[in-house]
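K.L.:
Here it is: the structure, laid out below.
The values are calculated or read from the model by the stated rules, or taken from the named source; none is laboratory data. As the structure is a prediction and not an experimental result, all values here were calculated from the model. Neighbour counts are summed over all protein chains in view; Cβ atoms, including those assigned to glycine, are modelled from backbone coordinates with ideal geometry. The protein model used for the area step is the full one, side chains on, heavy atoms only, and it has no ligands, DNA or RNA in it. Shrake-Rupley method; radii C 1.70, N 1.55, O 1.52, S 1.80 Å.
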Amino acid sequence: MNTKGKILVTGGTGYIGSHTTVELINQGYEVLIIDNLSNSEAFIIDRIEQITGIRPKFYEFDLLDQSRLSSFFEENPDLKGIIHFAAAKAVGESVDIPLHYYRNNLVTMINLLEGMKQHKIENFVFSSSCTVYGQPDKLPVNEHAPIKPAESPYGYTKQVNENILKDTIGSGAAIKGIALRYFNPIGAHDSGLIGELPRGVPNNLMPFITQTAYGIREQLRVFGDDYNTPDGSCIRDYIHVVDLAKAHIVAIERLIQHNNKNNFEVFNIGTGNGFSVLEVIHSFEKTTGIKLNYKIVGRRAGDIEQIWADTTIGNQELGWKAERSIDEMSLSAWKWEQNYRNTKQ
Ligand code: UD1
C-alpha cells in the first residue's frame, strides 16, 4: 500500500480515537490501532472501514502488557508517530478507584515512551485536557495560564502525563511531543456511523441529551442555574469531534515535518467560544425539533463555573481552526444516537 506512512493510534476504537483514525486514513496515512476494548466496541473498526474504504490494522491488547507492546514495536519498526488516546476518563470513577487510574493512565504512558526510545520512534501526540487549568483566573484561558491543583485522580493523570512527556524529552531522548489540551468534544462524524458511545449512564452532557431525546433516559438534569454566568448555568467551550480529530493530523504532521518550534509543545484545542448548558440544550431543541425533558437541580461536585479557550497560539502555530457550529455539533450527535440505536444488534 502506498501511504504517507504508519501512525499508531492507541485507543483508536474510542470516541476521539476513531474520528482521528478516519481523518488520518483520509489524509493517506496507514493507521494501526492498539485498544483493549475496555470502554469501546470492536464494531467501530468495521464502521471506520465503511467510512473510509480502508480497514485499519487492529491489535487488541492492553498497553500495560510491556512484552506484547515490545513485540508490536518489533513487528512495526517503521512507525512515523504515535497519537496516544488510550486512557480511562471518568472523573467520578477516578475518585472511587484512583489506583486503577494511576496505573492505567500513567504506566501505559511510560511503557509507550520507553518503547519509543528503544525503537527510535520520534513523534508523539498526547491527549491532554483543559481540566489542567481548573477554574482559570482569566478568560479566555491561554497555554501560559497556571496549572491548578487537580480536582480528581483523572485530572491529575493528565497533568502528570504532560510532565512525564516533557521530562522525557528534556532528558535528551530523541522524542518530540505535542500535548493537545482539549476543551469539551461533542458531536459525531457526518455519516452517523461513529460517535460517542458511553457505557451505562452517561456522565457527559451531550450523550445524556441524546439519550434523553431518544427516550432511554427520562429526564436530563441541569447541574445548577445559580452560577455567576449570564443564564446561571456553567459555560464550556464545546468543540466538534471532527474539528478536534483534524487538529491531531496537523499536530503529528508538524512533528513529522520538523515544523515544531520546541521539542515539547502544548496547544489549546477549542473553538474560543463559550456556551452555557442551557444554550446547548436550546441548540439541540432548535436543530432537532425535539423538546427535551429537563429540570434544574443542584450543582454537581467538582464542576467549574466557566471556561473557554484562547485559541490564538494554536490557530497561529498549527494553522488550524475549529470550523463547525454548536448546531452542527447537536445535529450530528443526534444523527449518531438514532443511527446507533436503530442499527444495534
Ligand atoms: C468533564 C471533566 C473533564 C473531562 C471531560 C471528559 C469535570 C469537572 N471535568 O468535563 O475533566 O476531560 O469531562 O469527557 O468533571 N451537565 C449537566 N447535566 C448532565 C451532564 C453535564 O448539566 O447530565 C453539565 C455539567 O455540569 C457541565 C457541562 O454540562 O457544566 C459539561 O459537563 P460534561 O459533559 O460532564 O463535561 P465537563 O464536566 O466539562
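K.L.:
Quick check: net charge around residue 232, other residues with Cβ under 11 Å of its Cβ, Lys/Arg +1 and Asp/Glu -1?
P.N.:
Working: positive: 299; negative: 225, 226, 231, 305.
Charge balance in the 11 Å sphere: -3.
K.L.:
How much accessible area per residue does the stretch 1-153 have, counting only protein heavy atoms and a probe of 1.4 Å, in square angstrom?
P.N.:
Solvent-accessible surface per residue comes out at 44 Å².
K.L.:
At 1.4 Å probe radius, can you tell me the per residue accessible area of the stretch 157-254 in Å²?
P.N.:
Accessible area per residue: 33 Å².
K.L.:
How many lysine pairs are close in the stretch 1-96, with Cα atoms under 18 Å apart and the two 8 or more places apart or on different chains?
P.N.:
Pairs that pass both the separation and distance tests number 5.
K.L.:
What is the distance in Å between the Cα centroid of the stretch 266-345 and that of the stretch 227-249?
P.N.:
Each part's Cα centre sits 5 Å from the other's.
K.L.:
Contact order normalised by length for the chain, with contacts defined as Cα pairs under 8 Å and 6 or more residues apart; what percent is it?
P.N.:
Once normalised by length, the contact order is 19 percent.
K.L.:
For the ranges 36-46, 201-211, what's the packing order if you count other beta-carbon atoms within 10 Å of each residue, average per peptide, and put the highest first? Intermediate values should be presented prior to the final figure.
P.N.:
Working: 36-46: 16.6, 201-211: 20.2.
By packing density, highest mean first, the sequence is 201-211, 36-46.
K.L.:
Count charges around residue 259 for me, please; just the other residues with Cβ under 11 Å from its Cβ, Lys/Arg as +1, Asp/Glu as -1.
P.N.:
0
K.L.:
Now for a separate question. Cut-off 10 angstrom, C-alpha nodes, Gaussian network model of the chain. Which of 258, 248, 282 fluctuates the most?
P.N.:
Sorting by GNM fluctuation, first place goes to 258.
K.L.:
Of all alpha-carbon pairs in the stretch 34-138, indicate the percentage at a distance above 21 angstrom.
P.N.:
Tail of P(r) above 21 Å: 46 percent of Cα pairs.
K.L.:
For the chain, report the translational diffusion coefficient in µm²/s to the nearest whole number, using Stokes-Einstein at 20 °C, 1.002 mPa s, and a Kirkwood Rh over Cα pairs. Show your work: numbers first, answer last.
P.N.:
Details: Rh = 20.4 Å.
It comes out at roughly 105 µm²/s.
K.L.:
Just to confirm a number: summing +1 for Lys and Arg and -1 for Asp and Glu over residues other than residue 60 whose beta-carbon lies under 12 angstrom from that of residue 60, what do you get?
P.N.:
Taking every other residue near residue 60 into account, the sum is -2.
K.L.:
Follow-up. Just to be sure I understand: of the beta bridges DSSP finds with both ends in the chain, what percent are antiparallel, rounded to 5? Write out the running numbers ahead of the final one.
P.N.:
Working: 2 of 42 bridges.
Antiparallel bridges make up about 5 percent of those DSSP assigns within the chain.
K.L.:
Of the residues 53, 134, 172, which exhibits the maximal mean-square fluctuation in a Gaussian network model of the chain defined by a 10 Å Cα contact cut-off?
P.N.:
172
K.L.:
Next question, about the same structure. Could you check how much of the accessible area of the stretch 17-106 is carbon and sulfur, as a whole percent, using a 1.4 Å probe?
P.N.:
Answer for the stretch 17-106 is 47 percent, counting heavy atoms of protein chains only.
K.L.:
In nm², what is the average projected area of the convex hull enclosing the Cα atoms of the stretch 190-345?
P.N.:
Result: 11.0 nm².
K.L.:
Pairs of alpha-carbon atoms within less than 8 angstrom and 6+ residues apart define the contacts here; what relative contact order does the stretch 184-334 have, in percent?
P.N.:
Working: 243 pairs, mean separation 57.0, N = 151.
Taking the mean separation of contacting Cα pairs over the length of the stretch 184-334, I get 38 percent.
K.L.:
Among the trypsin sites (Lys or Arg not before Pro) in the stretch 1-74, which ones are in a DSSP loop with at most 13 other Cβ atoms within 10 Å of the Cβ? Mind listing them?
P.N.:
Taking the stretch 1-74 and a limit of 13 other Cβ atoms within 10 Å, the loop trypsin sites (Lys or Arg not before Pro) found are 4.
K.L.:
Once the Cα atoms of helix 43-52 and of the chain are each reduced to a long axis, what angle between those two axes, in degrees from 0 to 90 to the nearest 10, is obtained?
P.N.:
80
K.L.:
How much of the accessible area of the stretch 268-345, in percent, comes from carbon and sulfur atoms when a 1.4 Å probe is used?
P.N.:
With neighbouring chains kept in place, the figure for the stretch 268-345 is 47 percent.
K.L.:
Identify which of 214, 15, 101 has the largest mean-square fluctuation in a Gaussian network model of the chain, with springs joining Cα atoms closer than 10 Å.
P.N.:
So, out of 214, 15, 101, the one fluctuating most is 214.
K.L.:
Quick one: give the max-minus-min coordinate of the C-alpha atoms of the stretch 72-194 along each principal axis, largest first, in Å.
P.N.:
43, 42, 31
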